[in-house]
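Read-outs: derived from the displayed coordinates by stated rules, not from any lab. Just so you know, these numbers come straight off a predicted model, no measurement behind them. Glycine gets a Cβ as well: all are built from the backbone with ideal geometry, and neighbour counts include every protein chain shown.
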Amino acid sequence: MADMHYHDYLQLDKILNAQFPESDKQSLSAHDEMLFIVIHQAYELWFKQLHHEVDSVTTIMSKPALNDNSPELQTVVHRLNRCITILRVLVHQIDIMETMTPMDFLDFRDMLRPASGFQSWQFKQLEAKLGLKFEDRHGKEYYTAQLRKEHVDVIKNSESNKSLLDLVNAWLERMPLAPLLSDDPNSFWQIYRKSYVGSLAEAEKGNLEALDETFFNNSPLTTHHSQLSPASNRAALFIMLYRGYPLLQQPFQLLNCLLEIDEQLSSWRYRHMNMVHRMIGTRIGTGGSSGKDYLKAAADKHYIFREIAQLNSFLIERRKLPALPNEMETRLGFVHQ
């Protein structure tokens, strides 16, 4: 067996010879096109790594039972944190892109038509794997119109499978909290509801209807398609409220990772939008989209874990939290039998 060599292991012949500026083909001067190509190739490589991490997480989360105090859950949190770090890198890559001025971009921009970042099927597939549903997409009627059929098929296949958000919903529903928190009038949630009502300012009284819809599903409020069940919402809120208990630390970190992923995706979308506005103003994108206007609408709408973030609307102060039953405290790790 031949000795491994750095150059061969990384396939550098393929990678370093994969940049073919259109301006070179036409013998035109466009120095920054090389930067443009390298940055977008780097994006696609990082998207590939994000798929690798998310696929591993969904494989673990797909198991019928997942011990919330197990190495597996720690692995999920670790890999989601890696995704967050990669997304931060993607945001910072825009700093490099912005060293290119609008006039530098115009040197080669028209040569790219109709190619566009809108054709990044890896990014659309990643959104689907995380939990962005077709019906919740901005511009859903044409979001795959510019893609090749084989790439559309890949995205549609991911949309038909259980997303990370679907698996988180199932994981939350399986949490063994319900038997200890009954539905009688003196139960935990009825006590919590009273405390929550008492914490609301006069202008927030409408939140009570939202609470009933979110956790008990007995309100006519139907403002959006819900991907988390009332049972999942109750479990998630409980984790947020009592995250100081050892057994709830990893579950809380998982939920927090999802919110951070959304935040980093949002940061990337807004940085991208502002960069596009800086580069081309109000002109349309090379792929024919409305440029900044499209990007802004997508950024405003594409919050994948929005429902988890909205649970923060229903928190109350620590000192007002209901006392937990002894059996629950024992299970969560502070009280020894």
Entry for semi-axes √(5λ) of the Cα gyration tensor in Å (calculated from the structure that is shown) out of [x] 44, 24, 17; [y] 40, 22, 17; [z] 34, 26, 17
[x]
Work out, step by step, the length gained on full extension between Asn81 and His5: first 0.36 nm times the residue separation, then minus their alpha carbon distance; give nm to one decimal.
24.3 nm
Under 24 Å from the Cα of Lys320, which lysines turn up, not counting those fewer than eight places away in the same chain?
Lys194, Lys205
Surrounding net charge for Ile84, when Lys and Arg each add one and Asp and Glu each subtract one, Cβ distance under 12 Å
-1
Radius 15 Å from Cβ of Thr99, net charge of other residues (Lys, Arg +1; Asp, Glu -1):
-4
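Could you sort out which of Lys140/Lys292; Lys25/Lys296; Lys25/Lys156; Lys14/Lys140 sit more than 24 Å apart by Cα distance in this structure? Intermediate values should be presented prior to the final figure.
Numbers: Lys140/Lys292 17 Å; Lys25/Lys296 34 Å; Lys25/Lys156 36 Å; Lys14/Lys140 35 Å.
Violating the 24 Å Cα-Cα cut-off are Lys25/Lys296; Lys25/Lys156; Lys14/Lys140.
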Using the count of nearby Cβ atoms within 10 Å as a rough guide to exposure, how do Glu33, Glu307, Glu72 rank from fewest to most?
Glu72, Glu307, Glu33
Neighbour net charge for Asn207 - beta-carbon separation under 12 angstrom, K R +1, D E -1
-3
Connecting C-alpha atoms closer than 10 Å in a GNM of the chain, tell me which of Asn326, Asn217, Asn274 has the biggest fluctuation.
Asn326
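Rounded to the nearest 0.05, what FRET efficiency do Asp293 and Gln49 have when you use their Cβ-Cβ distance and R0 = 41 Å?
Values: r = 31 Å, r/R0 = 0.75.
So the FRET efficiency works out to roughly 0.85.
State whether the range 1-133 is rounded, prolate or oblate according to the following rule on the C-alpha gyration tensor (a ≥ b ≥ c being the square roots of its eigenvalues): a/c under 1.5 gives rounded; otherwise a/b larger than b/c gives prolate, and the remaining case gives oblate.
On the way: a/c = 2.74, a/b = 1.77, b/c = 1.55.
The shape class here is prolate.
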Mind checking which aspartates and glutamates have their Cα closer than 15 Å to the Cα of Lys129? Skip sequence neighbours fewer than 8 apart in that chain.
Glu53, Asp55, Asp153, Glu159, Asp166, Asp262
